[in-house]
Structure formats: structure tokens, C-alpha cells
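Inspection log for the structure reproduced underneath, given as C-alpha cells.
No value in this document is a laboratory result; all are computed from the given coordinates. Predicted, not measured: the structure shown is a model, and the values here were computed from it. Neighbour counts are summed over all protein chains in view; Cβ atoms, including those assigned to glycine, are modelled from backbone coordinates with ideal geometry.
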Ligand code: SF4
């Protein structure tokens, strides 16, 4: 007999409600959108409907695997835990606790206990060597939120349903559905702004395909200058909103900084006419209400932290901050994490690899290679991550990881990083574990919490991250914060849920596990969150970012006109490196990652559709095939990341369609990242493209 289970998809931040049909023998038969979900209301995408393929994929890990001289061999949990624990203790005895590091990958964001389980595991050994995927996609936002509001997780979101004008930087909601702005059917929601007479503007180097609003195509990695110019022009032509401006201390220092970036000066660097920049500025200032959103296209550039801060300033000095139709706080059902490092200069660490400010207590991933090479890190535990394909470094990173005394991955698959590991441990998936949608709390247009129970028993010997790390810690004789007997989900979240009259127990009793939360009434945020209700117009933490931005602006003014910058291109058939083994997605268009190039740039280099090319820079080189794409502006090429599985025998479909690792072209090492936020540069990267000799 088939049983229906209501749960939610945990592949992306939309968190769509889904209904899963499970047969009596535990087979996931069918997944469909949950039309009765009170928020997502039947919205879902193609990827979420394929989670059953991953659950039953014969290539999934069902037992621990150990590297042997003859490849990987299945082992018992007891052997795995004993060997790993002995090696951890030996490494700590010789090199100290910080030589044991942890890396938390993106899918752990959608698994409420996985990240905390790994972070606590290394902390209980006395290690602070934590790395997260945040420094590949969003640490700039975390850093500014820590500086402004004392928590990486507090963000004011665009009031999409009430705004008259929405400006979106570096986001493609049709494909990615959104980040730090959780709403189902984002295109429908944005279309509604136009239907009520409002305006929608996207800022992106590529003419993305929203079919709503207008796309302004700027040069990659120049958003910060556009924002600065918009602010300068608003001040000069309209004047700042007096109430908003009164909330900024050191306003004149801010004005002085902005004065370097008039529309006229900035125009050639951002690649837009000065008149258009002024128009963008004034339409934001003049709209009855205006909201602004920024995403990975800016985050992954070089000045994401400063850009995110200027985004807050734009909202504030146009009278839209914490106002209906502007940018507003959303209610959280769970506690925001406190900031481990403040916004002052003394929060920076002086290290052998330069000075930087850890964000969310984490180190820059761009330094991982150097830290391993220099002997500071000897063991790495990776939970739900694939750093080999998602960080800069390419072969050098693979070599560094291979040189570790101990590499352990905990994942659904033996992925490209797992192929280098000593131990590969099998994790449970969404249908096999209990969960809470902690990942979108505070970022939801309609705030709610959703609990989901396990709907099938784990296949084989798959275990949760809590169970996995506890068992190793027990063997090693290390303390355990949340033993298996403790309800970790409730222990972490019941306090905050109690503020809403909820608890894990009460959510578990609901048939759908969902509780809607009261929306936050805007208007008091600054008074609640800032001393005296003021923000600093010249934050000490950002002085370094400003200096770097001024230097990089000078460099950008002198860039050769025919240079190429590489941006990342998301598709509807991939999510980072996570879905690479799903055969049906390969058939739908995720079989390769070509180099997208504008017709003008292709003509200039005598390249045509299908030409085999080498894409290279000082960091590395990859080979791909040109695909002409007239949605790109001149001087911009694009590739999709997450590919590069030629050696990933643990994921045979991925290996059959390997593509290339575009992040092999990304900068790494000291000086390559934003020291304010730890963000790596993974977009807007200078490259050269040359045709490969024809193969005979
Ligand atoms: S948009 Fe697609 S991938 Fe994202 S949560 Fe919804 S169904 Fe899952």
C-alpha cells in the first residue's frame, strides 16, 4: 500500500512543500508539489521532483568506505570510527588541536543538525579551524550582518509584495529561485509588482531570462561602483532622505567616499552610460517605495561586503529602510547565531597568511591550500561539501587535500573530494532524517517554520551527521555536546520556538509540521538593533574594503578594452556540484559546461559555435567548447560550475559527463580574497580564450 507524506524539498532556499508517495516496502514512488502547503501552494521545480532518484541511486553510499591500495573498500562503522579516532588523537598529540579542521558544505545549510554537528565535533577537540562554503557564496552578507546587527543571520529583505520599485543585483530568480530572499514562485511575485504599476530592474552582466522587468547589463564585478555612483547622484540631485540620513553617524565621511564615484567617473568602468546610472539612481529615490536585493553575482566578486553595506545605505538614505515596501526584517522562528567577531579592527586575525576577519567563526577557504602546505592543517572532515570542485585551486587543491594525514568526507556520494579521502562515510538524505527549515528563518517573505519527520528508514547503514561525529568522538574519548540520546533539534531550537508558543514537540504533532509566524511590523528595527538607533557611516571594519575598492577602481580604469571576464552561469538542471549524478538531469541539458561567449567576442577571436578552446589565466586552465550566447555583454564569458568529475568513479553518471572544473580558474592564496569577509573571488575573473588545435 502506498502512503503519502507531506514534507519539503531541501535542495534550495525556496523550500517547496512536496508530497512523497512511499510504498509499503519503503520505495519512494513519486514526488509532487504540495498544493495544500499554506505558503508554497503547489510551487516546485523539476529538481525537487527528482529527489527520489537520488534517494534510490545505486551509486549512493550505504556503508563506510576506506581507501586501500586497490581502491575503495567497504568497511564496518566500528572499523571506521576506531581508525579515524586513533588518527585524530595521534595528529592532535603531534600537531595540536587546530590541525584538525572541518569544512561545512552548502547542502548542510538545508540540514538543521549537520553543520552544528561538525562544528561542535572539531570544537570539542579544541579546534577553531572551521571552513564553510559561505566564503564561496555569501560570507560578505554574513560579515556585514555581524558588523551591523551582531549576527550573521539578520538581514532585511525586500518587501516584494508591497514595493513599487525593485532593484535586484546579481540574481537570476527564474533559475536559482533566490537566496536570502525565500519566496515560492519568485517570477510570479516579481511580475505582480509590474501588474500593480511598479517597476523591476535587474543588474547583471548577462541578459538573464526573467521575462519580467528590465535587465541592465553592467560589466562584471563592478556593482559596488554602480551603487556608490547611485548614492552620490541621489545626494547631489535629490538630497538624502532627512530621517534616514539622520541615522548615519560620520555622514560627511561617507559623502567624501562616495564623491569619488560620480556617474560620469564610474560610467566607463561599469560599462553603462552616465545618464542611465543617474536614471537608475533617481527612479529608486523617486519611487513611492523601493526595495533592493543582492545575491551571489555580487557576493562572489571582490567587493561583496562593501557592496552589501552600500545596499543598506541606499535603502536608508532614500527613506525605504525598515519601511513597508522597502527592505524590512522578517520574523524568525529560530535564534540567530551571535557574531563571534565584532565589527572592529581588533576582530581581525594576524596570521602567517595575512590579516583577515573570520566570518561566522570561519577561515577563508582561499587559504586552505596554504594552510595544508604549511603544515597548519593535517586532517580535514568534510560534511556535505565538495571543496575540490567549489573552491579555487583546482589541481593544487586536489594535491593539497591528498597530502593530508587524514581526509574524511560525510556525504550522500563519494564525490570528487571523496575520491581523495581516506574514509568516505554515508549520510542520510532528506527522507531518512528529521529536519526543521532553519535555513530560511529571517529571510522569508511569508514567515513560517516547518518540521519534517523521517518518512522512510535509512537505506543500508546511512547515518545522520550527529550520529557519525558522536561515534568518532566517543572512540577518541572526546566530549560530546549532544549525545545521540539528546534530541538535538529540540535542544537547539526549542528556546526560540517558545517565543512563538511553539516547540519541536508541538510541530511534530501537526499533520503538516507547519506553523505560520506573525510578520514583523516594520519601523523600530534600528532603535532595537543599534546603540542610539544609529549606524556608522565610516565603519572601521570596512576601511580596508574601501581602500581595496579604490585601488581596484584605478586598475579597472586601465583595463584593456578587449579583455574577457569569466562569470558563473547557473542553470535549471544543476545546483553547484550536488546533482551531478542524476541521469535525468544530464539528459535535460546538464551534460556539459560549455564556454558561453558573445557573438562579438567570438568574431574577434575567429571562434564559432563548437570550437574547442582553452580558457586560461594565472591560476589555471581548462578546456571547453564555445557556445555563442547573445545574452552576454561584450567582454563577458560564462561557465557553469560544479562540473569536473573525470575522476569521480563514485558518481558514474557524473563521470560519464564530466565537464570541467571552472573554479580551477579562481584566485586562491594570501591576498586573493576579501579580508573583511573571507569571500573568495569566484566571478568576474580575467581569462584569456584561445582556440585549441583541431584534433585529427
Ligand atoms: S525550487 Fe526546486 S529545488 Fe528549490 S526547493 Fe523548490 S522544488 Fe526544491
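Take every pair of alpha-carbon atoms less than 8 Å apart whose residues are at least six positions apart; their mean separation over the length of the stretch 592-696 yields a relative contact order of 32 percent. Per-residue packing, averaged as other Cβ atoms within 10 Å, sorts the ranges 195-207, 434-446 into the order 434-446, 195-207, beginning with the highest.
Please report the spacing between the Cα centers of the stretch 486-541 and the stretch 304-369 in Å, no decimals. Between the Cα centre of the stretch 486-541 and that of the stretch 304-369, the gap is 18 Å. For the stretch 560-691, the antiparallel share of DSSP beta bridges with both residues in that region comes to about 70%. Dividing the summed helix terms, -39500 (n - 2.57) for each DSSP H run of n ≥ 4, by the number of residues in the chain produces a 222 nm estimate of -8500 deg cm²/dmol to the nearest 500.
Across the stretch 325-480, the relative contact order, built from alpha-carbon pairs under 8 Å that are at least six residues apart, equals 20 percent. Looking at the square roots a ≥ b ≥ c of the eigenvalues of the Cα gyration tensor of the chain, which shape do they give, rounded for a/c under 1.5, prolate if a/b is larger than b/c, or oblate? It is rounded, given that a/c, with a ≥ b ≥ c, falls under 1.5.
Distance between the C-alpha centres of the stretch 3-27 and the stretch 170-216: 27 Å, rounded to the whole angstrom. Packing-based ranking of 285-293, 109-117 yields 109-117, 285-293, ordered from highest to lowest mean Cβ neighbour count within 10 Å. Centre-to-centre separation between the Cα atoms of the stretch 269-284 and those of the stretch 556-618: 28 Å.
Neighbour counts of C-beta atoms inside 10 Å place 189, 10 in the sequence 189, 10, starting with the fewest. Report note on the peptides 414-423, 73-82: ranked by the mean count of other C-beta atoms within 10 Å, highest first, their order is 414-423, 73-82.
With contacts taken as Cα pairs under 8 Å and at least 6 residues apart, the chain reaches a relative contact order of 19 percent.
For the chain, the share of DSSP beta bridges that are antiparallel, to the nearest 5, is 50%.
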